[in-house]
Amino acid sequence: MSGSTAPAIELAGVTKRFGDVQALAGVDLQVEPGTVYGLLGPNGAGKTTAVRVLTTIIRPDAGRAEVLGLDVTTHPERVRASIGLAGQYAAVDEQLTGRENLRLVGQLCHQPRAEVVRRADELLERFSLTDAGDRPLKTFSGGMRRRLDLAASLVHRPPVLFLVEPTTGLDPRSRQDLWDLIRELVADGTTLLLTTQYLEEADQLADRIAVIDHGAVIADGTAAELKAQMGATVLEVAFADVATAHSALETVAGVAPGAEVDGIAVRAPVDDGARRAMDVLRALDGAGIDVAGLTIREPSLDDVFLKLTGRRAEEDLDPDAPAVADPRPTADVAAQGGSR
Amino acid sequence: MTTTATGHVAAEARPEAAEVADGSKLAWAARDTAALVKRNLLHYTRVPQLLVFTFVQPIMFVLLFRYVFGGTIQIPNVAYVDYLMPGIFGQIVVFGATSTAIGLAEDMGSGIIERFRSLPMVRLSVLAGRTGADFVRNTGVVVVMLIVGVAVGFRPKGGAIAIAAACLLVLAFAFALSWIMALVGLKVANAEAAQAVAFPMLFPLTFASAAFVPVNSMPGWLQVFAAHQPVTVVVNAARGLMLGPEVAADLERYGVFNTSTTGYVLQSVAWIVAILAVFVPLAVRQFNRS
């Protein structure tokens, strides 16, 4: 790829409506070649709809969507030859073996027969699936399945890769393995757009992050920039009940500006967690308010959301949704859940 | 948002991906379809229940009608087993057509069609691969059922060419039905719903037909439907061809047939062409839309 400054992926004012649901309400984003871009948001925010537009699966109602300078609506075939799609809902065939799945994708990418065979073996080895390659996928563990899914998206060596919630539902160990694999891919110069519900995942993998909500980008920047907005750490003080939390808010906010009530807790973004915690406890003790619990932690997507939108991301977040949750692209289903 | 130069970074990154001439596109469509036919057929080797549904069920119908009900059904001048077997072929392919709906609905539900849509393949091969696989499966079932038929006493006298022609006619009808069921599968998008929609459509077509009993044994109001619906037409065409012109003439004389074998064959071809002409475009439109 040339060292051109044109973005590898670009959305400009893209809208998409399914029935009553405005899935995308004018999304703008640009991904530089060879970088990783994280699209962060809760379920239903529009992340997946944005990916479906960019991967030519659905057409946008308005706006411009380009991959490698090619408009997805006017050159869908050329776009498809340059992209790979993997993740939560781009499924593989349960009944076929790992090798058969990869060969099928190779054939459908119009590779020569010898290349189809060679590439499948190569990918099985690279993704540590050689031993399992001749077993049907239904015998695979969740982590193996995701690895094969990722391998399937790489068969035709696409320069641009889309990963939809690549590690949702995986155990921590498998998640770490998959992250390592993704980092290797990126080191090869692949441009990657990934969607996730986890700030940690975006933080681990992405050069830039866009936070998306109700079909629009509400913040974007590097992970460091987003965290700087949040403060380095989050201080969370729990109380006996909601009423106590509300009565304690003023006291906490006096020491830690930006504090907000969340259920029975008050939380505040702070720069210096330990010192600020002592200040807060001292102030609460002075005010005669009992504290039920105290936590100092890294900011989460939830904190970003509370900060940016004033409401919790978890309201419609469903990390336990089945791995293939409702991708059915019929009009009526898409209307309810277009961006699972 | 910064506005960058409108350079086209890697439009040339994969030259083979450039839009291709129509001729090679057709060749790719054939290759993609073949790859997906193979994929769909592999499922039969992995899911034994599919094989049971495909082969055991029609054999049970043969045994049921040959040995349980058959004794009470009298056809003038024709052994019931000879009357029955062409009807069984019709019943197999009509019931079997549900598998097109179920297969497509499952693929839609699992998300694998989303992956196919993101690949540089010819998209409509997804539909052709499914109906093609069902055509291959139906061919296998028809051959097996011919053998089963002979084993239970089926002795067609129409000659090899006419029997082969009858099988082809039944298979062509099955292929047309597959496209109706493809539309059903794409619309409902889950396997249970596909079955729930397909079965009430196919059940009366199969049983209110000439497949198992002569239409002229039914009450008059039912004959109006049964005599003209496509399963009767196709089954009687296959029956006339397989059993030979003498038997066909007898059947016509006794009112079991209401036209000649040729008449049934022509009507069958008309039905097949009409179904394909309506439902292939509808299924393709539904696939592109969803």
- Averaged over B:27-37, how many beta carbons belonging to a partner chain fall within 10 Å of each residue's beta carbon? 2
- Item | Relative contact order (%) - criterion: Cα under 8 Å, at least six apart; region: chain B | 24
- Message: Using a 10 Å cut-off around each Cβ of peptide B:102-115, what is the average number of partner chain Cβ atoms that fall inside?
- Response: 6
- Query: Calculated FRET efficiency, A:Glu125 and B:Leu168, Cβ-Cβ r, R0 56 Å, to nearest 0.05?
  - Reply: 0.75
- So, in nm, how far is label B:Ala160 from label A:Ile218 when the simple model puts each one 7 Å beyond its Cα toward the Cβ? 7.6
- If R0 = 51 Å, then B:Trp221 and A:Val117, at their Cβ-Cβ distance, give a FRET efficiency to the nearest 0.05 of 0.25
- Based on the Kirkwood radius over alpha-carbon pairs, what value in µm²/s does the Stokes-Einstein equation return for the translational diffusion coefficient of chain B at 37 °C and 0.692 mPa s? 159
- Message: Which order do the peptides B:215-223, A:122-130, A:266-274 come out in when sorted by mean C-beta neighbours inside 10 angstrom, highest first?
- Response: A:266-274, A:122-130, B:215-223
- Note on the structure: Taking every DSSP bridge whose two residues both lie in the protein assembly as shown, the antiparallel percent to the nearest 5 is 65
- 1/(1 + (r/R0)^6) with r = Cβ-Cβ of B:Ala277 and B:Thr139, R0 = 25 Å, i.e. FRET efficiency to nearest 0.05, evaluates to 0.60
- Message: Give the average, rounded to an integer, of partner chain Cβ atoms located within 10 angstrom of each Cβ in A:91-99.
- Response: 5
- In debye, nearest 20, what is the charge dipole magnitude of the protein assembly as shown about its Cα centre with +1 on Lys and Arg Cβ and -1 on Asp and Glu Cβ, if you could check? 2860
- Item | Among B:Met60, B:Met108, B:Met242: highest mean-square fluctuation, GNM of chain B, C-alpha pairs under 10 Å | B:Met60
- Distance between the stretch A:210-266 and the stretch B:128-154 - C-alpha centres, whole angstrom: 67
- Task: Using a 10 angstrom cutoff on alpha carbons, build the Gaussian network for chain A and name the most mobile of A:Ala86, A:Ala243, A:Ala283.
- Result: A:Ala243
- Query: Hey, which lysines would be in cross-link range of A:Lys47, C-alpha to C-alpha under 20 Å, not counting anything within fewer than 8 residues on its own chain?
  - Reply: A:Lys16, A:Lys307
- Task: Can you check what the net charge comes to around A:Ala25, using other residues whose Cβ is under 15 Å from the Cβ of A:Ala25 (Lys, Arg +1; Asp, Glu -1)?
- Result: -1
- Computed on Cα atoms, the radius of gyration and Dmax of chain A in angstrom are 22.3, 77
- Once label points are set 7 Å from the Cα along Cα→Cβ at both B:Phe199 and A:Asp171, what is their separation, rounded to one decimal in nm? 3.9
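Read-outs throughout are calculated quantities, based only on the coordinates presented, and are distinct from any laboratory measurement. For clarity, every value in this text was computed on a predicted model and none was experimentally measured. Virtual Cβ from ideal backbone geometry, glycine too; neighbours counted across all protein chains shown.
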